[in-house]
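Encoded as structure tokens, the structure appears first; notes follow it.
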Amino acid sequence: MTLQMPDALSKHLKTLAFLALAFMVPATTVAELSIARGSAVSGSQQRDNAPEWIYTLRQGDTVASITQTLLSQQTTQQRLLEHNGLASNAKLGAGDTLRIPVNWLKRQPEPARVIAVTGNVQQISGMDGRKLPLSEDSIVRVGDEILSGAGSATIELADGSELRISPNSRLMFNRLTQFGKSGMVDTRLRLQRGEVHTRVRPVIEGGARFEIETPSAVAAVRGTVFAIQATTNGSSVQVTEGVVDFGQPGNTRRIPAGYGASVSTANGGALNIRQLPPAPTMNPLPSVLTQLPAELSWQAGGYPAYRLDIFDQASGTWVQSRDVTGTRFDIAQLDNGRYEIQLAAVDQRGIAGMPGTAELEVDLQARKPDLTAPADGESVNDDMPEFRWQLNGANEVARVEIAEDDSFRQLITTSEWAPESRALPSRPLSPGQYYWRVVTEAGGSSVATSEPRKIVVNGTLPPVRIISVNYLDSQVRVFWENIDTATDYRLQLAEEPAFRNIIKEADIADTTAALRLIPGRRYFVRVKALSDGPLASRWGPGRELYLD
């Protein structure tokens, strides 16, 4: 089948092909090297055909230091001089240049770093095959695989390029190489299935390389923004910035921005190139959003769906990615900061087109809440009292903070962050005096704090547990646990476990007591803590006593 291509695209591809041939020619003709002192050696003008990197010397650079820091151990200082036609006593200064074949540069593995993870994503180690949950700041090395279920991940490569792995994808990292300190990298990935969005930094001509291979195609990149998909039926790519060489290995075509291409396994790998849907026209948004949600809307274009991506402008990370039907979307759950929104139409084949963009700033402000209950200085008998307040801002979450001093230097406990106006502490409070306040937060960075209030918790003394019982002749010694807030202990002795008929009761200051019992009879003993204050107390569990 002959591919019919628009004239504009055909001319554009011919121009790009001509430029590609120009870039592929080895750098055998370069500007004359500037030499401050010394002379060229006429017998050393041979050139390697390998791609070259032109290095500009900085202050303090010498041929020896360049050889040591940039070149592999097999490449000597003399060889570098001869390659550039320089005598061994040549003197170079800042601003002079040296031609260095790329295959002379040092190469070392350079791992990638995870900068964002949402949902369930796993990392399979290339060293031992272990499967671990992927987390922010995880390191990805050569041989590792990323397996996304319902989640997604954003990964930063050594040169600052970014990959966003969509849900239900499997991506393998076959090569992550950096050429010394040259800034050039060689990155080769394999997308076994799923979808990857990329923002690739422009590669340095001569040696840098970025490729994503799929089971049916390969995409070679020179610096671009594109998305690539792999399924059992084939592979496809959409280019929104720059160019991508795409197709079966050894038979690729250059795809410019604004176009997509696909390779199908059903028709022998034929390449189909098509123009992407145009960018939707978005209705204006306020430049600063002071409350969320805010409605984003756009003009209808007759497409079944739209893809919405939100990026953090400071870090460049993907914050949200949604497929939306209709012509509106509620922007929500964003922290304070500056964002870029990209909206692209999705055609009947599920291919996203050119994105329309909009910038916005989220600036949510927390406001000081009004406390309602308990009243300042109020006493409560509950060790889990309920605290209530009134929020005065929008999009706020709040929590109660409880401390023993009004400066709140060390918190005793808090409640969970929630958009509620009442909460319980996360653990029971021991009897005593406390201070409490409510802190509100909006946008992840704006915080407001109420004035503190005093609260007295009467509570209850905990039940006392008998630790051990010792028998000696007709005497029994009982030991029980110490309660820090108790002043005394009350002991009761009965002949039945319900303690309805008490035969002995005594208040004891210590945590032990001696009892004389009649042999052959069963007794039961229990203890509770006492306090000088209004604290209620509870009996501990009874313990059976018996003398033979």
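The values are calculated or read from the model by the stated rules, or taken from the named source; none is laboratory data. It should be emphasised that the depicted structure is a prediction, and the values quoted were computed from it without experimental measurement. Here the Cβ is made from the backbone with ideal geometry for all residues, glycine too, and neighbour counts use every protein chain on show. Just the protein is used for accessible areas: all its heavy atoms, side chains included, with ligands, DNA and RNA removed. Shrake-Rupley method; radii C 1.70, N 1.55, O 1.52, S 1.80 Å.
What to note about this one:
- Given a 1.4 Å probe and the protein chains as shown, Arg388 ends up with an accessible area of around 90 Å².
- Spatially near lysine pairs across the chain, Cα under 23 Å, sequence gap of 8 or more or different chains: 4
- Placing unit charges on the Cβ atoms only, positive for Lys and Arg and negative for Asp and Glu, gives the chain a dipole magnitude near 1800 debye about its Cα centre.
- Ranked by how many other beta carbons lie within 10 Å on average, peptides 379-386, 433-440 from highest: 433-440, 379-386
- Heavy-atom accessible surface of region 346-389: percent carbon and sulfur, 1.4 Å: 38
- Cα gyration tensor shape for the chain, rounded if a/c is under 1.5, else prolate or oblate: prolate
- Tilt relative to the chain, helix 7-24 - C-alpha long axis, 0 to 90 degrees, to 10: 90
- Ala514/Thr485 FRET efficiency (R0 22 Å; Cβ-Cβ; nearest 0.05): 0.30
- Accessible surface, the chain, averaged per residue in Å² (probe 1.4 Å): 51
- The distance between label points at Met384 and Gln59 comes to 6.8 nm (points 7 Å beyond Cα on the Cα→Cβ vector).
- Region 400-548, accessible surface, carbon-and-sulfur percent (1.4 angstrom probe): 44
- Applying a DSSP loop filter and a limit of 16 other Cβ atoms within 10 Å to the trypsin sites (Lys or Arg not before Pro) in region 103-149 leaves Lys106, Arg130, Arg141.
- Between Ala332 and Leu424, the contour length at 0.36 nm per residue exceeds the alpha carbon distance by 30.4 nm.
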